[in-house]
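Have a look at the structure below, then the notes.
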Amino acid sequence: MSHLRIMITGGAGFLGSHLCERLLDAGHDVLCVDNFYTSTRRNILHLVDHPNFELMRHDVTFPLYVEVDQIYNLACPASPIHYQRDPVQTTKTSVHGAINMLGLAKRTGARILQASTSEVYGDPTVHPQQEGYWGNVNPIGPRSCYDEGKRCAETLFFDYHRQHGMPIKVARIFNTYGPRMLPDDGRVVSNFIVQALEGEDITVFGDGSQTRSFCYVDDLVEGLIRLMNSDEAVTGPINLGNPGEFSISELAEKVVAQVGKDSKVVYKPLPVDDPMQRCPDISQAKDVLSWEPTVALDEGLAKTIEYFRTHL
Ligand code: NAD
Ligand code: UDP
């Protein structure tokens with residue numbers, strides 16, 4: 001890969017900050033664009049003095065004029081409590097944000113990658129989920145601002161591709177975890193780890209039999225970079241996630257065992273439209289990107305617990 005000017009929207013967030021780091025390490029210029037809606041400068045503080053790093057406070061729902069070669073469009077609140085706080089803004093960020101960033105890509109000729117999500121499959125009736133599955137999404141529920149916003153963003157990406165012949169890449173990211181998740185953003189891995197470290201009760205929603213597949217952040221970032229630099233004919237959508245599937249109860253047990261304190265599990269009501277099962281079919285990512293996760297859940301949890309131990 002030659003030296004490129006790469007823009008990452010949402011670059012100060014959990015995934016974005018790891019991506020900034022990786023791309024700087026590879027010798028590129030990185031422009032991190034973020035309005036700090038669900039993040040702070042803390043995630044990227046260690047990068048601000050890097051000569052190839054530039055930070056711009058900007059909301060992607062407004063147009064942006066910069067010159068870049070590649071765009072990773074990650075800007076969007078990702079955890080249910082954050083994306084439901086201002087649902088109209090969430091849809092605007094996905095939809096207007098996609099239009100603005102696609103417009104920028106069209107003008108500059110940049111390659112553009114969309115951070116889509118397994119939520120486009122909704123509460124899936126097909127298991128594991130393949131990219132050809134159209135999903136089972138409630139269009140009017142509390143998760144819809146996120147799910148339908150992301151689905152519409154995918155539509156926009158494919159219409160810009162068909163209408164204007166632009167190079168696009170769409171990644172459907174499954175639950176990802178690791179250092180720099182916010183301790184209070186409500187996602188299950190960070191919640192359980194923080195609760196266990198503080199000796200609090202572990203809050204399992206529902207009966208804990210719903211499943212998720214958890215991908216460690218380093219694996220995910222590697223997948224995103226491979227997708228961005230894949231053959232121009234590769235557009236996706238392509239699933240990126242760890243196919244290891246665990247119930248939420250199993251996750252709670254693992255976290256409690258690793259932290260080694262005396263937390264007990266308490267059961268809380270299952271949120272509306274909470275998907276019952278989720279597991280990626282990653283055959284496409286294996287075939288097309290030669291990518292698959294390398295970090296098992298126990299190992300990734302250990303690293304994440306270590307991070308929270310030192311940062312709480
Ligand atoms: P995050 O909340 O840590 O990061 C999102 C970033 O986007 C934050 O820094 C936030 O301030 C910024 N942002 C939000 N609205 C913005 C706006 N209007 N303009 C500019 N910046 C804005 O979340 P994350 O986990 O790092 O997720 C990054 C992307 O990956 C999101 O698009 C998310 O939907 C997608 N994704 C993440 C996961 C996961 O498990 N982490 C799973 C599927 C998809
Ligand atoms: N969950 C839980 N306890 C918590 C937080 C989440 O049992 O303290 C459950 C939640 O109901 C869901 C799963 O964990 O079934 C994953 O939740 P998360 O918000 O991390 O991601 P998503 O639902 O978007 O996959």
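The values are calculated or read from the model by the stated rules, or taken from the named source; none is laboratory data. As the structure is a computational prediction, the values presented were derived from the model and not from experiment. No Cβ is skipped: glycine too gets one built from the backbone with ideal geometry, and neighbour counts run over all protein chains shown.
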Please state which one of D273, D287 is assigned to a helix (DSSP H, G or I), surrounded by fewer than 19 Cβ atoms within 10 Å (Cβ to Cβ) and not hydroxyl-bearing (S, T, Y). D287
Every residue from the range 78-91 that is in contact (Cβ under 8 Å) with a residue 60 or more places away in the chain and assigned to a loop (DSSP other than H, G, I, E, B): A78, S79, Q84
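Given the criterion under 21 Å from the mean Cα position of the chain (by Cα), assigned to a loop (DSSP other than H, G, I, E, B) and of a type in the set (S, T, N, Q), identify the matching residue among S94, S39.
Going through S94, S39 in turn, the sole match is S39.
Suppose the filter is small (G, A, S) and within 13 Å of ligand 2 (Cβ to nearest atom); does G186 pass it?
Yes, satisfied.
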Which of the residues spanning the range 114-165 are among the small types (G, A, S) and out of contact with any Ser or Thr (no Cβ under 7 Å at 6 or more places or on another chain)? A115, S116, S118, G122, G132, G135, G141, S144, G165
Filter result (of a type outside the set (S, T, N, Q), closer than 18 Å to S118 by Cβ and not in a loop (DSSP other than H, G, I, E, B)) within the range 225-261: L227, I238, L240, E245, F246, I248, L251
Please go through the range 196-254 and give me each residue that is more than 16 Å from ligand 2 (Cβ to nearest atom), touching a residue at least 40 places away in the same chain (Cβ under 8 Å) and small (G, A, S), ordered by number. G223, S230, G236
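So that you can scan it fast, the table gives a plain yes or no per residue for (1) crowded, with 19+ Cβ neighbours inside 10 Å; (2) out of contact with any Cys (no Cβ under 8 Å at 6 or more places or on another chain); (3) part of a strand (DSSP E or B):
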| residue | (1), (2), (3) |
| --- | --- |
| K169 | yes, yes, yes |
| R172 | yes, yes, yes |
| M181 | yes, yes, no |
| D185 | no, yes, no |
| S190 | yes, yes, no |
| I193 | yes, yes, no |
| V204 | yes, yes, yes |
| G208 | no, yes, no |
How about the range 113-149: which of its residues are within 23 Å of P243 (Cα to Cα), part of a helix (DSSP H, G or I) and touching a Lys or Arg at 6+ places or on another chain (Cβ under 9 Å)? S118, E119, V120, Y121
Single match in F214, F192, F205 (criterion: at pLDDT 95 or above, under 30 Å from V60 (Cα atoms) and among the hydrophobic types (A, V, I, L, M, F, W, C)): F214
So is R57 within 15 Å of ligand 1 (Cβ to nearest atom), more than 22 Å from T176 (Cα to Cα) and either without any contact (Cβ under 8 Å) to a residue 12 or more places away in the chain or in contact with a strand residue (DSSP E or B) (Cβ under 9 Å, 6 or more places away or on another chain) (or both) or not? yes
On the basis of being in contact with a strand residue (DSSP E or B) (Cβ under 6 Å, 6 or more places away or on another chain), among the aliphatic types (A, V, I, L, M) and surrounded by 15 or more Cβ atoms within 10 Å (Cβ to Cβ), does M228 make the cut? yes
Does the range 120-131 contain any residue that is farther than 15 Å from P275 by Cα and within 16 Å of ligand 1 (Cβ to nearest atom)? yes
If T117 passes every condition in (1) within 12 Å of ligand 1 (Cβ to nearest atom); (2) in contact (Cβ under 8 Å) with a residue 60 or more places away in the chain; (3) closer than 23 Å to G236 by Cα but one, which one does it miss? (2)
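Residue-by-condition table, conditions (1) within 12 Å of ligand 2 (Cβ to nearest atom); (2) touching a residue at least 60 places away in the same chain (Cβ under 8 Å):
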{"residue": "P139", "(1), (2)": "no, no"}
{"residue": "T155", "(1), (2)": "no, no"}
{"residue": "R162", "(1), (2)": "no, no"}
{"residue": "G165", "(1), (2)": "no, no"}
{"residue": "K169", "(1), (2)": "no, yes"}
{"residue": "N175", "(1), (2)": "yes, yes"}
{"residue": "R180", "(1), (2)": "no, yes"}
